[in-house]
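These notes concern the structure reproduced below.
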Amino acid sequence: MHNDYAQIPTRPRRRGRIPSALRAVPGMLLALGPLCTQALAANTTPTQAERIYDRIAGIPAPPALLQQMTQTDPLSAALLATQDPAFYNDTIRNLATPWTNRAQTEFAPLNDYTATVIGMVRDDVPFNTLLSADLIYIADPSLGLPAYSPANNDMYQALDTNGVDLKAHLVATTQSSVTGLPPAATAGVLTTRGAASAFFEKGTNRAMFRFTMMNHLCSDLQTIMDTSRPPDRIRQDVTRSPGGDSRLFLNNCVGCHSGMDPMAQAFAYYNFDDTAQSIVYTAGQVQPKYLINATNFPQGYVTPDDHWDNRWRSGPNALLGWDPALPGSGAGAKSLGQELGNSQAFASCQVTRVFKDVCFRAPSNAADRNQVTQMIASFKAHNYSLREVFAESAVYCMGN
């Protein structure tokens, strides 16, 4: 078994959340079901405003802002709540941090991956570019903190140690200008140092594909295996008779590898150097890790370049909702990130995760599922603003 496939522990409870008095009252909790049939033109009640603020920022609302929220409609009130620094320092950070490590824990250091998610939410950067943009968020140079380095996490550790307000002091720049990657080789958070150190380190680079599917399409490989795809792009390191039984390969291994290996080929030029502690990109040269264990099945696929194909556009995984405007193939991580980020599964994953984060439950009934469907459409209509999704979720779960 590759070390790409580590066991995933249960995600811990959110840290940094300060419960309001309302959350402690059982009667109030019973009122958090499929409500929100209120007309948004009506002003927000004080109770609704408190609950909205608590769900979004995780702290009690300042009295003056609470008063302001009660003088406007619930959605406008929720968007006001997203201006609290705690929304970025706690809520968004806790949402994004598990995406940055194999243990999927919130108890991990701030890094460039998490900071970039926070900045994109704050600035309403279209979230469907998360996996493809030449973008990274760094500390405001005026703070006098260590400069960004592709070889260490010192800048982000200093932000953490000094308790810096991330809402106020993250600035956007291009990844290519600070990491040394050419613009065409940047792929949003996939090519940050944080992601590379977690998912390009050792292994076979299949981990980057698997965890991206888990984190951003809410689909682990076991749930989307498809044994009907041809196995001709499966690499040599995968034995065709595990334990001497070829049926295991045909009925299990092929279900993941026949779709994964052609797409993970997009990362063929990437590695994480343990010695230099930085991402490595070798344009035109396949990393040796793609050619390891060739004797497991010498007739297997030998990776020649970083060309990828999405064979899941047909068959049962067409239900992931691939964008028909895209070709379904390409070269390199950027175009693969565009393929994944523009899928229906990507949009559904983000919205459903935010709903659960804000409403403290999965969509559990017809009203919830209808609300999520509406929010997916709104997510796209608002140019993939994740901040808007938080606001709409908080309104839906604000109670009477």
(request) Enumerate the residues in the stretch 377-394 having an amide nitrogen under 20 Å from the point lying 7 Å beyond the Cα of Ser364 toward its Cβ. (result) 393-394
(message) Taking 0.36 nm per residue of sequence separation and subtracting the Cα-Cα distance, how much length would be gained by fully extending the chain between Thr282 and Asn252, in nm to one decimal?
(response) 7.5 nm
(request) Would you mind computing, in nm to one decimal, how far apart the modelled labels at Thr275 and Ala325 are, each placed 7 Å from Cα along Cα→Cβ? (result) 4.6 nm
(request) Taking 7 Å along the Cα-to-C-beta vector as the label spot, tell me the Ala184-Asp154 distance in nanometres, rounded to one decimal. (result) 3.3 nm
(request) Can you tell me how much longer the chain between Gln83 and Ala381 gets when fully stretched, taken as 0.36 nm per residue apart minus their C-alpha distance, in nm with one decimal? (result) 105.1 nm
(request) Report the net charge of residues surrounding Pro126, where surrounding means a beta-carbon distance below 13 angstrom and charges are Lys +1, Arg +1, Asp -1, Glu -1. (result) -1
(request) In nm, give the distance between the simple-model label positions of Asn400 and Phe107, each being 7 Å from the Cα along the Cα-to-Cβ direction. (result) 4.2 nm
(message) Nothing charged except the Cβ atoms of Lys and Arg (+1) and of Asp and Glu (-1): what's the magnitude of the dipole of the chain about its Cα centre? Round to the nearest 20 debye.
(response) 900 debye
(message) Quick check: Cα centre of the stretch 123-172 to Cα centre of the stretch 69-91, how many Å?
(response) 22 Å
(request) Quote to one decimal, in nm, the extra length available between Asp123 and Ile292 on full extension: 0.36 nm per residue of separation minus the C-alpha distance between them. (result) 56.6 nm
(message) Sequence gap at least 6, Cα distance under 8 Å: using those rules, report the relative contact order of the chain to the nearest whole percent.
(response) 20 percent
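Since every read-out is calculated from the coordinates, none of them should be taken as a lab result. Here the structure is a predicted model, which means the values were calculated and not measured. In this analysis, Cβ positions are derived from the backbone assuming ideal geometry, glycine residues included, and neighbour counts consider all displayed protein chains.
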